[in-house]
Amino acid sequence: MEVKRQKEIYVIGHKNPDTDSVCSAIAYASLKNEILSRVHQGDSIEHYQDFLIEGGESGQAVYVPARAGQINTETNYVLRKFQQRVPVYMNAIRTQVGDIDIRRIPGISADDSLKKAWETMRRMETSTLAVVDDDRKLQGLITISDIAGAYMSVLDNQILSEACTPIANILETLKGELIVGDAAKRLTKGKLVVSTATLSVIDKFIKEDDLVILGNRYEAQLSAIENRASCIIICDGAKVSRTICKLAEENGCAVICTPADTYSVTRSINQSIPVSRFMIKDGLISFRESDYVADIKPIMMAKRHRDFLIVDDEGHYSGMISRRTLIDMNTKKVILVDHNEVDQAADGADEAEIMEIIDHHKLGTVETIRPVKVRNEPVGCTATIVYEMYIENQIPVTKEIAGILCAAILSDTLMFRSPTCTELDKMSAEQLAEIAEIDIESFAMKMFEEGSQLRKKADSEIFYQDYKKFVASDIPYGVGQITSMNREELLSVQERLLAYMASAMEETGVPMIFFMLTDILKESTRLLFVGKDAKMLVENGFHQDAEEHYIDLAGVVSRKKQLIPKLTAALQQ
């Protein structure tokens, strides 16, 4: 019986993930899994029902933290310090073949008999079987039509030898007993002879290497052996004399005894032919479990095959799907944390089933196929909301989880300096720091220091460290941000970034790009910008003159609360 595998529900942050996006995904996935574990151990499901989603209570779900981009140096430091694995990388959350219901039908060997193939088809209720080698690599496929074609070859008396049929297959098909010979031996020459004529006719008709079906006539058995038949099949369960056994052994003739009568043996012996004789080997169509369903669907619709073979990423056969599978297929299930904008979500969000949204930004443009649970609060960090949910569910926070949640709050609020920071953020961070046994100020200084080191980073790494796309009045634009406690370090990358922003603007087709160089200690930002109307937009938004490609903004440190609202208002005007 096939064991149903657990359904993975991915908890994933936005593209170009920051520390809050990654750490909140890890912590929330851990919370969900802990709740499931407690329910399975006997806790009342009603206590947690607001936090369980479809599939969770069945025991067939597991929550997996994921990321939609590369980890930056600050986040990497946090994960190393608190001994957390880097979440699985998902460049897209589009539905893959592995997400849908693959029929886990076992493959058969090329040496297996047609009878075994037919019995497997009946047992598995399928009309197609994959033919695989010992390493589960595809060699071909056989269909019920191919097996039917084998029965039409009943008049071909040499097909058994042409197919190199193993003696073992004949034994299996006829439920026979091997009296003399080697079951591993194959028939490679000769024809099939049914011995029903007189002895004189039989003697002339049987040639070397023939396979002879006969009864309990001693003379006929002796004639077949003396004419150097490769194998004789004695029907009706007749006993074989010692003399015949000895002569057969001396002449290299296999002797099989079967309880079936001559008619039944003649009619069914072709079922022992190995499937390699009739299997399809050329033009096989197979898909990998990592392939996207949207990409393979046109191929499946264009081909009139009943079933399509599926292999894993190493090329090992894993099962089959049919066109019918696509009608009611399972899509990827995801929980979005720290974002709710389509442009910020991993590619393919529109193909996935969004189960929940946990965020602290303004509501955006994500559309869902059904109502979902949304937890959106005006706080400075998603990690603060996640910590609230631990408390609400009375789930103890481990030292490691407390550490990454605290780090996320300190990062997103710039150690409480951001105007987005609330008293709840500060109180949560202090409680988490106590659990994690860290000093907030010294830890934050070290974390920001690890996250800076701008001179060692490539332009692209700096640019995409915390870059997001926005849309206002149907006009798209991008905003990136880096923070540091060293103003000189920030200014040292200004010209490099301006050049990279110009090339990124052309490459992405975004008409304007802004980039915040934020000094944490001085609580100020130098805002870089490129694009035709970018300078005018900044001057209108902040009501002050700007230089050619930058403007200094005292007291501005928050993209979400201080920059985006100004740019949005200016665009709307």
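The values are calculated or read from the model by the stated rules, or taken from the named source; none is laboratory data. Please read all numbers here as calculations on a predicted model, not as lab measurements. Here Cβ is always computed from backbone atoms with ideal geometry, including for glycine, and neighbour counts include all displayed protein chains. Please note that ligands, DNA and RNA were not included when accessible areas were found on the heavy atoms of the full protein model with its side chains. Shrake-Rupley method; radii C 1.70, N 1.55, O 1.52, S 1.80 Å.
The accessible area of HIS305, taken with all protein chains in place and a 1.4 Å probe, comes to roughly 80 Å². Note on region 209-274: with neighbouring protein chains present and a 1.4 Å probe, carbon and sulfur make up 46 percent of its accessible heavy-atom surface. For the Cα trace of region 285-427, dividing Rg by the Kirkwood Rh returns an Rg/Rh value of 1.14.
With every protein chain in place, what's the accessible area of ILE285 (1.4 Å probe, Å², nearest 10)? Near enough 40 Å² of accessible area. To the nearest 10, the accessible area of LEU497 is 0 Å² with a 1.4 Å probe. Per-residue accessible area (protein heavy atoms, 1.4 Å probe) orders VAL372, VAL334 as VAL372, VAL334, starting from the largest. Using only Cα coordinates, the Kirkwood hydrodynamic radius of region 377-425 works out to 10.9 Å. Principal-axis analysis of the Cα atoms of the chain puts helix 19-40 at an angle of about 50° to the longest axis. Note on surface exposure: PHE542, PHE529 rank PHE542, PHE529 by accessible area, highest first, 1.4 Å probe. Restriction of the trypsin sites (Lys or Arg not before Pro) in region 71-107 to DSSP coil positions whose beta-carbon has at most 16 other beta-carbons within 10 angstrom yields ARG85, ARG104. When only alpha carbons are used to place a centre, region 173-220 and region 329-355 end up 67 Å from one another. Using 23 Å as the Cα-Cα cut-off, could you pick out the over-long pairs in LYS469/LYS532; LYS469/LYS535; LYS399/LYS426; LYS175/LYS281; LYS137/LYS189; LYS332/LYS399? Correct reply: LYS175/LYS281; LYS137/LYS189; LYS332/LYS399. Using θ = phi - 60° in the Karplus curve 6.51 cos²θ - 1.76 cosθ + 1.60, the 3J(HN,Hα) couplings for region 169-186 round to 5, 5, 4, 5, 5, 8, 6, x, 10, 7, 8, 9, x, 10, 5, 7, 5, 10 Hz; x is entered for Gly and Pro.
Only helical runs count toward this figure. For the chain, summing -39,500 (n - 2.57) over DSSP H runs of n ≥ 4 and dividing by all residues gives -10000 deg cm²/dmol at 222 nm.
Starting from region 510-573, pick out the GluC sites (Glu not before Pro) whose DSSP state is loop and whose Cβ has at most 14 other Cβ atoms within 10 Å. Within region 510-573, the qualifying GluC sites (Glu not before Pro) (loop, at most 14 other Cβ atoms within 10 Å) are GLU547, GLU548. A straight line joining the Cα centroids of region 117-152 and region 364-401 runs 50 Å. Loop-located trypsin sites (Lys or Arg not before Pro) in region 185-285 (DSSP state not H, G, I, E or B) with no more than 16 neighbouring Cβ atoms inside 10 Å: LYS185, LYS189, LYS207, ARG217, ARG228, LYS239, LYS281. Along the axis of the charge dipole computed for region 157-295 (Cβ charges of +1 for Lys and Arg, -1 for Asp and Glu, origin at the Cα centre), the listed residues ILE256, ILE170, PRO274 are led at the positive end by ILE256. Taking amide H positions as modeled 1.01 Å from N, with prolines and chain starts lacking one, the residues under 5 Å from ASP347 and 5 or more places away or on another chain are ILE93. Computed on protein heavy atoms with a 1.4 Å probe, the accessible areas place ASP359, ASP209, ASP545, ASP307 in the order ASP545, ASP209, ASP307, ASP359, largest first. Phi angles of region 535-540 translate, via the Karplus equation with coefficients 6.51, -1.76, 1.60 and θ = phi - 60°, into HN-Hα couplings of 5, 4, 4, 5, 5, 5 Hz per residue; Gly and Pro are given as x.
Per residue, the chain exposes 47 Å² of accessible surface when a 1.4 Å probe is rolled over the protein heavy atoms with every protein chain present. Net length available on complete extension from LYS189 to SER442 is 82.6 nm, with 0.36 nm assigned per residue and the Cα-Cα distance removed.
In the chain, taking the dipole from charged Cβ atoms about the Cα centre, the farthest positive-side position among THR382, MET301, LEU214 is held by LEU214.
Size descriptors for the chain (Cα atoms only): Rg and Dmax, in that order, 35.8, 117 Å. Couplings 3J(HN,Hα) of region 126-135, computed from phi: 9, 10, 9, 10, 7, 9, 10, 8, 5, 9 Hz, in residue order, whole Hz [Karplus 6.51 cos²θ - 1.76 cosθ + 1.60, θ = phi - 60°; x for Gly and Pro]. Entry for region 306-377 at q = 0.12, 0.17, 0.27 Å⁻¹: log10 I(q)/I(0) = -0.48, -0.72, -1.21, Debye formula applied to identical alpha-carbon scatterers, no solvent contribution.
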